[in-house]
Structure formats: C-alpha cells, structure tokens
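We did not get these values from a lab; they are worked out from the coordinates using the rules stated. Keep in mind that this is a model prediction, so the values were computed, not measured. Please note: Cβ atoms are built from the backbone with ideal geometry, for glycine as well, and neighbour counts cover all protein chains shown.
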Amino acid sequence: MIIKSGASISGYGSGKAFRLCRGNVTGTHVMSIDEAFDAERERLSALSGESDIFQAHLEILEDPMLRDSVEEHISGGESPLEAVASACSEIVSMFSTIDDEYLRARVDDVKDVCRNLECRLAGKSSGVLDIPDGAVVVADEVFPSDTSRMDLSKVSAFVTRKGSVTSHVCIIAGARGIPVALGVDIDKIAEGDYVIVNGDASEVAVNPSEDELQKFEECRRVNEGELEIIREAVEYRGHIVNVYGNAGSVEDVAKAIAAGADGIGLFRTEFVFMGSDKYPTEEEQFAIYREAALLCGDRPLTIRTMDIGGDKALPYLSMEPEDNPFLGVRGIRLCLANPDLFKIQLKAILRAGTFGNVRILIPMVTSVGEILRVREIIEECKAELSSEGKEFAAGIPLGAMVETPASVFAGASIAEKVDFFSIGTNDLTQYIMAADRGNSGVSQLYNPKNPAVKNAVGMVVSNAHNAGIKAGVCGEAASDPEYAEFLVETGIDSLSISAPRLIPVIKHLIRK
C-alpha cells in the first residue's frame, strides 16, 4: 500500500514501524508549579548547549506570557495540570493565526514545552525511548523533546500525521539525513509493519508488494549513488521522452546536468529576485542566465519569467495586500502590470539566448490575450536591443505554463499561439481541487492523482499535440515514479524533476 504524504524531507529510509503513542497527561500533581518550572528550566539549560532548538524552548519556558497565563488559570480555580493545558491552548491559538509559516510552526515548540511541564507536574517518566535499530518512528506528531530521548542513529525515518517542514523536528532530522513524511494517515500503519519512506517522492509504502519494493529500491540506489546515470533521452513505446531538471540557481543547473538531465525544464527566476534587496538589473540577470545557458550547452534551458505573488513577495516591489493572493496579482499578471520591469528580464533572457538553447516560459496563463501581449512586449525588447547594439536570439521559443483551469479549457486556442506547454501540477491541482496546497486540513483533497486532475492533464496533452507542439510537466508530480508512468502513457513529451538524484530513477522507469 502506497500512502502519499502532504509534505516531506528528502531521503530514503525503511524499517519496522515503531508507534510513538502519547495520551493526555492526567492524574494528581506530585510537585508544585514552581518546582515543575525549575525542573524543566534545569533540563533545558543542560540541553541548550547541544542545540539552539532547546535554547528556544528555554526562552518559551521563561517567557512571562506562559507563566502569567498559568498563574491566572490557577487563580481562577484550575488545577496546575489544567492551568498549563489552558495556557498552552491560548498561546497555540494565538500563534496559529499568524500569517507566517515559520512562526506557525513554533506551535509545536509551545506544545512541547507545555507537555513536559505537565509530565513534571504529574510525575510521568520522560526517560530514554527504547527504539529498535532501523525503526521508522510513526506518530501523530513528534516534538524536539522526543528526539532528545531517542538514539537517532537507530531511526530510519519519521512518519507523522501533523507537522510542518519548517518545524524544529524536521530541522533536526534533515541535519542528520533522516527522511520525514508529514501529513500521513498513520491509522493505516500498525506497530511492526514494514514501512518504506521516500522523502523525494513524498511517498510512504506499508508492507509493499514486490513491484513497489522494486521502485523504492531504485530510489534507494540513486540515494546512495548506485544507479547508472543515463545521459540521453529515453524512449517509451516508440515515443521519445526527455527528462529535464528543475532549478532555482546556476548551481542547481549544474547538479541536474551532472545527474543526466536532458536540459532544464524549469529555471525558477523568482530566486534571482528574492535573493536581492533591489530589482536585479538587466546585466545582473543576463550574467546568471548566460551562465546557466552555457552549462546546458545544446540542451534546452527553459527560463520561467518572474513568478512573484501568491506565496512569494518582494520587499522592494510595491504590492497591494490581497485577501486571497493565490487568486490575485501573481505570475504574468504582475509582469504585465509592470511592463518596464518585465522588459528588463525579457531583454536579459533574449541576450542569454545567444549562448545556448534558451526558451521562455510564462506562468499563470489564463488567456490567449496574455500570450499576444507578451509577444508584443518581446518584439519591443528586440527593437530596443537592436537600437542599443546588443546581440540577442531572435527566435527564442515561447511557452505557456498550464496551471489554471482556464488555461486547460482555453488550451486549444492558447496552443496555436505558443511553441510548447509546461504543466505546473502543483498549482493546477490546487485550483482544480479548490484545496490550498499548504493547508493540512484539506491535504486529502490536494492530490494530483485525482481523476479530475488526470483528465485535465490529458486535455492539455491532446490540445498540444493537435496544434503540433509538445507538452511537458514541471510540477512535483513529475518526480513521483507512479505518476510518471501515467504521464508517459498519456503521451507527455517531457518530465522535469526537482531532485537531481531522481532523474536516473525516472529515466530507468521509462525505459522499462
């Protein structure tokens, strides 16, 4: 059985499930609230020298907000155990409303500190957890104090129902190379089940079949550098399929090419903008795009224009606050609203096109009109570059990202005006399923394998091929071996993979 996780920390791990179960702390208190705070302060002070995470927990414990809230509830007639639980609930509720993923992730740290206070009050043991070698720890959630009671060298992977990739547990696990699968229905995993975690593909296999074992074994071999790198495009039933890499930097481009990528299917330029305290100049952007193009050589380098908005903002670019930024001014909408800035990027890309096989990809397309306007601006850029005496590539292919329902339904018309399609399964799934991909409460709906999403992908491929152009996938679903099978069977022309070590896996899979 394969279970898809909502989010993950990359890596590969396998072993027998060790269920970490914890109920509510109950009973009469065996020490005073002062003694409990003092005992926890002593423990965290000792641990803080080993990790900044426990220093942060010490700061939470010593924050007057926590102590004052506990004292207030005790004054109101609650027992110390009840008072700590009530104070925790109040602080967690406050943190949960903050519009910042990192700060929201600190909820787990507050819960952890409060739970340990409760254990102190009730005299519950917090001794070392006896975990067998190579275990996959399965829990509703894992707190940093849990990891302090474990021999992490024995942990093969973590699987949790709750949690965030920015949580301190994920930071601890990531630093030790331990994969983590978050947002998993752990009710399907029993103590002692054989579990495989593929963090790169956000998958958990429970008591896998022979076929599932083989796929995961290939992932493991890549993870450990054992799988042969294939440096040419692969064939599936007579149809050539290119396997590209996704990149956010020149370094990412180099890693993808080294792993056997046939080119770059998605160069995310937003990282160029987000890594600067001002809008990058034409020369600054040109230098980056040129270097990436030279690394690719004859292989395609698909540069996506600035995809800012939604969950990505720039401090130096004035943007009005939006109630629903994912449905607001983002992607090509923002670029067309700021044509002077858009031209700077397009001119840099056009110039870099003389150094390699460069393509332009437009995000968040919803209509033919947007493509026509982009083509007009590109022609204006060419005229300006000519007048400035700068060399540029005149025939750079222009592609549209298909990631909105509108671009699916208008796909036949849009296909007539572009040179290729690239399906962004992350946003396409989000918009079709009306499920925020970052909301764990609807994670069960956010599934690219849903028939509605699969039907949309089939429509895109059909529209592309009817117009004589190619269609690829650059979303995370392309890195999922099972989904990759569906995509190539549907007739997709290329897959663009985020994790370089998965590029050989997908190529071997297509060959078979």
- Query: What angle do you read, to the nearest 10 degrees and between 0 and 90, between the alpha-carbon axis of helix 210-223 and the longest principal axis of the chain?
  - Reply: 80 degrees
- Query: Sorted from fewest to most neighbouring beta carbons within 10 Å, what does the list 119, 114, 474 look like?
  - Reply: 119, 114, 474
- Whole-Hz couplings from phi, Karplus 6.51/-1.76/1.60, listed for segment 68-78; x for Gly and Pro: 4, 5, 4, 4, 4, 6, 5, 5, x, x, 7
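Given axes a ≥ b ≥ c from the Cα gyration tensor, I'd like to know whether the chain is rounded (a/c under 1.5), prolate (a/b larger than b/c) or oblate.
On the way: a/c = 2.32, a/b = 1.68, b/c = 1.38.
Here the chain falls in the prolate category.
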- Length added when fully stretched, residue 284-residue 62, from 0.36 nm per residue minus Cα-Cα: 75.3 nm
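Below 8 Å, C-alpha to C-alpha, sequence gap of six or more: please give me the relative contact order for segment 465-512 in percent. Walk me through the numbers on the way to the answer.
Working: 45 pairs, mean separation 19.4, N = 48.
It rounds to 40 percent for segment 465-512.
Which GluC sites (Glu not before Pro) in segment 415-482 pass both tests, a DSSP loop state and at most 15 other beta-carbon atoms within 10 Å?
Qualifying residues, ordered by number: 416.
With r as the distance between the Cβ atoms of residue 133 and residue 454 and R0 = 30 Å, compute the FRET efficiency 1/(1 + (r/R0)^6) and round to 0.05.
0.15
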- Helix 339-352 vs. the chain, principal-axis angle (Cα, 0 to 90°, nearest 10): 70 degrees
- Message: Compute the helix-to-body angle for 481-490: its Cα long axis versus the longest principal axis of the chain, expressed 0 to 90° and rounded to tens.
- Response: 30 degrees
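Students often get this wrong, so check it: of 188/512; 215/255; 278/470; 4/417; 4/255, which have C-alpha atoms separated by over 25 Å? Show your work: numbers first, answer last.
Numbers: 188/512 31 Å; 215/255 23 Å; 278/470 36 Å; 4/417 37 Å; 4/255 27 Å.
The answer is 188/512; 278/470; 4/417; 4/255.
Assuming R0 = 56 Å, what is the FRET efficiency of residue 412 and residue 78, from their Cβ-Cβ distance, to the nearest 0.05? Before the final figure, lay out each step's value.
Values: r = 65 Å, r/R0 = 1.16.
The pair residue 412/residue 78 has a calculated efficiency of 0.30.
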- Query: segment 433-511 to segment 345-376: how many Å between their Cα centroids?
  - Reply: 23 Å
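Suppose a student asked you for the relative contact order of the chain, using Cα pairs under 8 Å spaced at least 6 residues apart; what percent would you report?
Working: 985 pairs, mean separation 72.7, N = 512.
Worked out over the chain, it gives 14 percent.
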- Query: How would you order 260-272, 204-216, 337-349 from highest to lowest mean count of nearby Cβ atoms within 10 Å?
  - Reply: 260-272, 337-349, 204-216
- Task: Among DSSP beta bridges lying fully in the chain, give the percent that are antiparallel, nearest 5.
- Result: 35 percent
- When a/c is below 1.5 the answer is rounded, else prolate if a/b is larger than b/c, else oblate, so apply that to segment 424-512 with a ≥ b ≥ c taken from the square roots of the Cα gyration tensor eigenvalues. oblate
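Using Cβ contacts closer than 10 Å as the measure, can you line up 117, 47 from fewest to most? Walk me through the intermediate numbers first.
Working: 117 26, 47 17.
Going from sparsest to densest Cβ surroundings: 47, 117.
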- Query: So for 358, 408, 473, 184, fewest C-beta neighbours within 10 Å to most, what's the order?
  - Reply: 408, 358, 184, 473
